[in-house]
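Structure, as structure tokens:
The values are calculated or read from the model by the stated rules, or taken from the named source; none is laboratory data. Just so it is clear, the model here is predicted, and its values are computed rather than measured. Reconstructed Cβ throughout: ideal geometry from the backbone, glycine too, with neighbour counts over all protein chains shown. Surface accessibility is based on the protein's heavy atoms, side chains included, excluding ligands, DNA and RNA. Shrake-Rupley method; radii C 1.70, N 1.55, O 1.52, S 1.80 Å.
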Amino acid sequence: MDFDLTDEQALLRDTVRDLLNRHYNPESRLEAIGTDLGWSRKVWSQLAELGVLGLSFAEKDGGMEAGPVETMLVLEELGRRLAPEPLLDAVLVPGGLISAVGTPDQRQRILPEVAAGAKLLAFAHGEPGTRWPDHAIATTATAQGESYTLTGTKNPVPHGDCADDLVVSATLPDGGLGLFLVAADAAGVDRTSYATVDGLRGAQVVLDGAPGELIGTGGDATDAVHEVLTRAQAALCAESVGAMEESLRLTTDYLKTRKQFGVTLSKFQTLTQRAANMYVSLELARSMSYYLTASLVDAGDPVIASRARLQVSRSARHIGQEAIQMHGGIGVTSEYPVSHYVARLTAIERTLGSSLEHLRVLTAQVADYAQPEL
């Protein structure tokens with residue numbers, strides 16, 4: 001398989017990297033996540049101007065209809081700079097669901113605004129008391145003529161605090177999973193926002209007879225949700241690779257400059273060997289991220305997603321712990337960037353299943369593998 005980027009892909013990567021480098025350094029990122037919004041609308045608008053927000057949408061829906069590789073490259077750059085803009089939570093996941101199951105009118109009414117950065121979405125799917133891969137939905141949809149009202153509680157809703165519209169999953173009256181578009185400021189919608197461990201934002205959304213527009217023409221949307229969440233797993237892997245790569249760079253630079261007993265730490269063989277092991281973990285994670293991204297060409301495979309997430313999570317834990325350890329006391333302070341990279345990697349590891357949940361998925365598949373002939 002050819003892993004070389006095309007000229008267009010390399011240009012996209014470099015353009016996004018330059019944009020994020022101009023706007024974010026450790027100090028400016030702390031300022032951005034310290035605001036009420038938690039990210040920069042200026043950066044968001046520039047990402048929209050570059051076409052990044054519409055990468056995965058069809059051209060007729062205001063997008064660029066790019067492949068999964070282009071999305072992976074952008075997410076790696078977001079991870080490298082720890083950019084807090086909600087590309088995954090406000091565009092790729094909820095926009096991907098509308099793109100997958102929405103009617104032509106719904107797609108053309110909503111997605112161009114999302115691609116232009118004028119509308120923010122959020123996917124309200126997880127519920128209290130459940131964890132991935134449990135997809136049991138207690139939120140119910142009640143038919144009111146040709147419309148619906150929704151009742152239930154959704155938490156966590158990543159970046160649900162700033163969304164204009166919510167894509168809400170709910171149990172249909174005749175069974176099956178339905179997706180509904182709910183205005184965030186509609187009657188019967190109550191949002192409670194909070195900050196997450198990595199400095200980003202989430203919300204608990206309580207629906208009490210909130211009006212919702214059925215996305216699509218009806219029927220069970222479970223398969224579409226699973227496919228989009230598999231793509232989200234790939235996005236999380238790519239973002240983790242970018243964050244791990246920068247964590248390793250910060251660590252090796254520190255070893256080259258910090259002195260102990262009159263010599264730089266890079267002169268100590270044990271520390272250089274540990275840094276080399278960090279590099280091995282990074283490349284293992286990168287390979288699995290590429291593997292998962294390549295599988296998305298054929299709609300993606302949840303088992304491959306769990307394989308990738310398991311290795312990426314293990315690599316992230318190894319690299320994060322070693323980065324903190326080799327930085328010493330400064331590594332755990334909020335003033336130094338490596339602590340924020342580790343916080344983000346830790347949050348990703350708990351998103352859409354931890355390494356333990358993904359390991360359970362894989363062990364459940366063991367009996368399905370063919371036994372070698374003796």
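Would it be correct to say that L292 is farther than 14 Å from E245 by Cα, in a helix (DSSP H, G or I), free of Cβ contacts under 8 Å to residues at least 60 places away in the same chain and open to solvent by less than 20 Å² (accessible area, probe 1.4 Å)?
Spelling it out, L292 is indeed farther than 14 Å from E245 by Cα, in a helix (DSSP H, G or I), free of Cβ contacts under 8 Å to residues at least 60 places away in the same chain and open to solvent by less than 20 Å² (accessible area, probe 1.4 Å).
For S287, the conditions (1) under 21 Å from F3 (Cβ atoms); (2) at pLDDT below 95; (3) small (G, A, S) all hold with the exception of (2). The residues listed here are R80, R131; of these, the one that is under 22 Å from L37 (Cα atoms), out of contact with any Pro (no Cβ under 7 Å at 6 or more places or on another chain) and in contact (Cβ under 8 Å) with a residue 24 or more places away in the chain is R80.
Each row is one residue, and each column tells you yes or no for (1) under 16 Å from the mean Cα position of the chain (by Cα); (2) surrounded by 12 or more Cβ atoms within 10 Å (Cβ to Cβ); (3) modelled with pLDDT of 90 or more; (4) under 18 Å from L200 (Cα atoms).
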residue: I324; (1), (2), (3), (4): no, yes, yes, no
residue: E335; (1), (2), (3), (4): no, no, no, yes
residue: V338; (1), (2), (3), (4): no, yes, yes, yes
residue: V342; (1), (2), (3), (4): yes, yes, yes, yes
residue: L345; (1), (2), (3), (4): yes, yes, yes, yes
residue: E349; (1), (2), (3), (4): yes, yes, yes, yes
residue: A370; (1), (2), (3), (4): no, no, no, no
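Listed by first and then second residue, the pairs with beta-carbon distance under 9 Å, at least 6 apart or on different chains, first residue in the stretch 235-262 and under 16 Å from N25 (Cα atoms) and touching a residue at least 12 places away in the same chain (Cβ under 8 Å), second open to solvent by 20 Å² or more (accessible area, probe 1.4 Å) and among the hydroxyl-bearing types (S, T, Y), are L250/Y336.
Regarding the stretch 187-204, can at least one residue be identified that is without any contact (Cβ under 8 Å) to a residue 24 or more places away in the chain and part of a loop (DSSP other than H, G, I, E, B)? Looking for residues that are without any contact (Cβ under 8 Å) to a residue 24 or more places away in the chain and part of a loop (DSSP other than H, G, I, E, B), one finds none in the stretch 187-204, hence no. Filtered by the rule that a residue be in contact (Cβ under 8 Å) with a residue 12 or more places away in the chain, within 19 Å of A100 (Cα to Cα) and open to solvent by 20 Å² or more (accessible area, probe 1.4 Å), the stretch 45-65 gives S56, A58, K60, G62, M64. In the stretch 351-368, the qualifying residues are those that are among the small types (G, A, S) and modelled with pLDDT of 85 or more, and the one that is most open to solvent (accessible area, probe 1.4 Å) is A364.
Annotation: of all residues in the stretch 179-225 being farther than 16 Å from I137 by Cα, within 19 Å of the chain's Cα centre (by Cα) and of a type outside the set (A, V, I, L, M, F, W, C), the one that is surrounded by the fewest Cβ atoms within 10 Å (Cβ to Cβ) is Y194. Residues that are assigned to a helix (DSSP H, G or I) and among the charged types (D, E, K, R) were ranked within the stretch 225-266; the one that is farthest from H340 (Cα to Cα) is E227. Of all positions in the stretch 114-123, none carries a residue that is part of a helix (DSSP H, G or I) and of a type outside the set (A, V, I, L, M).
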